[in-house]
Amino acid sequence: MTNEILLIEKRKCETFLSAFQCKYRSSFRPVSTALAFIFNPKLLSKGLASVYAPFGRDRGGYYKSFSRQLKTFNQNEPRVAVSYFLFSDEIQTGQCIAIKGDEASHILNSRRIQIGEVIQIQDQKMLRYEARVEKMTHKSLTLLPFKNLKTPPESQLRIHLYQALVKEKALDAIIQKCTELGVCSICFFQSRYSQRLQPKTGLEKKRQRWLRIAVEACKQSGRVAPPNITFISDLSKFHQVSVESSIETIPSFCLESSGETVSMDSILTNDREINLIVGPEGGWGPGDLSEQNFRCVHLGPRILRSETASIAAVSILQFLYGDMKSAPRY
């Protein structure tokens, strides 16, 4: 075992032994003595028998009770999490940081976290670290960052998704899954048969909610930063969203199941950026695409729900032209 792992395991065992002593009020030797036996390299090869050495004879069934509880403790010990959490300031290794507020509540409520457990934390500069839980209350945590981590690179294919508004549950799924799949930006719009949104009353609250969903998806997938999420009233404002996302500089494709279409495996050559436009459940209405010069692309013979089409199309594009074929490089 490395020194870091040994230290973590030692702290876990120290926590367990202290709790066991308090529960049974036994005449065990001090915890430090017990740990000296447990982590003696010469005794590790002897298995659990070395753990009982400090306690001498079995008194009143303590031996069996300790054996049973230690086995349960080892089976249920926390593992290093794959996801990460956020810190609102800069982080330096070797200096303790305090996590409070919503992020602390998220860590404490979503995980049965324990002192000595190792988690990943990312600071405001998008740098990620492994940190050990040093102290913990019901509202805050103190972490000690000890290792700088490499973060996964963004996909070489920049996908700008333009999604017609659908029902809220489906919209949440699109944001979550497409963030995990690596889209660069998401722009929602209204069309003739799409769901409606009142920009003056509900837009800002909706945007904050969309961003929270995207951030949580980033944490789960390990992605460094969420996609940019915007809203336009209709596709006539397509050119106003971003200069770099204009149809003149980036190929733009619209999902369509009828008319003259092409397959996904023939739409890009050397391009590393694409605008993908996905319509609503009811299909495109008269005039929705009349002013746009999008090329139409199909996803096979079946008619898909709007959220299914978005997620499937992004997955196919990432596989054909993005990074889903390559092995992790971090």
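The values are calculated or read from the model by the stated rules, or taken from the named source; none is laboratory data. Since the structure is predicted, the reported quantities are computational estimates derived from the model, not experimental observations. Backbone-built Cβ (ideal geometry, glycine too); neighbour counts: all protein chains shown.
The set of residues from segment 98-129 being crowded, with 19+ Cβ neighbours inside 10 Å and touching a Pro at 6+ places or on another chain (Cβ under 7 Å) comprises GLU117, ILE121, TYR129.
Sort out for me the strands (runs of 3 or more DSSP E) sitting completely within segment 97-156 that have 1 or more residues that are of a type in the set (Gly, Ala, Ser).
Once the strands (runs of 3 or more DSSP E) in segment 97-156 are filtered for at least 1 residues that are of a type in the set (Gly, Ala, Ser), what remains is 97-99, 128-136.
Screening segment 176-256 for strands (runs of 3 or more DSSP E) wholly inside it with 2 or more residues that are modelled with pLDDT of 90 or more returns the ranges 185-189, 228-232.
Summed over segment 135-147, the residues that are of a type in the set (D, E, K, R), within 14 Å of ILE107 (Cα to Cα) and out of contact with any helix residue (DSSP H, G or I) (no Cβ under 7 Å at 6 or more places or on another chain) give a count of 1. Residues that are among the acidic types (Asp, Glu) and free of Cβ contacts under 8 Å to residues at least 12 places away in the same chain are absent from segment 151-166 altogether. Evaluate segment 283-300: report whether one residue or more is modelled with pLDDT of 85 or more, surrounded by 12 or more Cβ atoms within 10 Å (Cβ to Cβ) and touching a Lys or Arg at 6+ places or on another chain (Cβ under 6 Å). No, segment 283-300 has no match at all.
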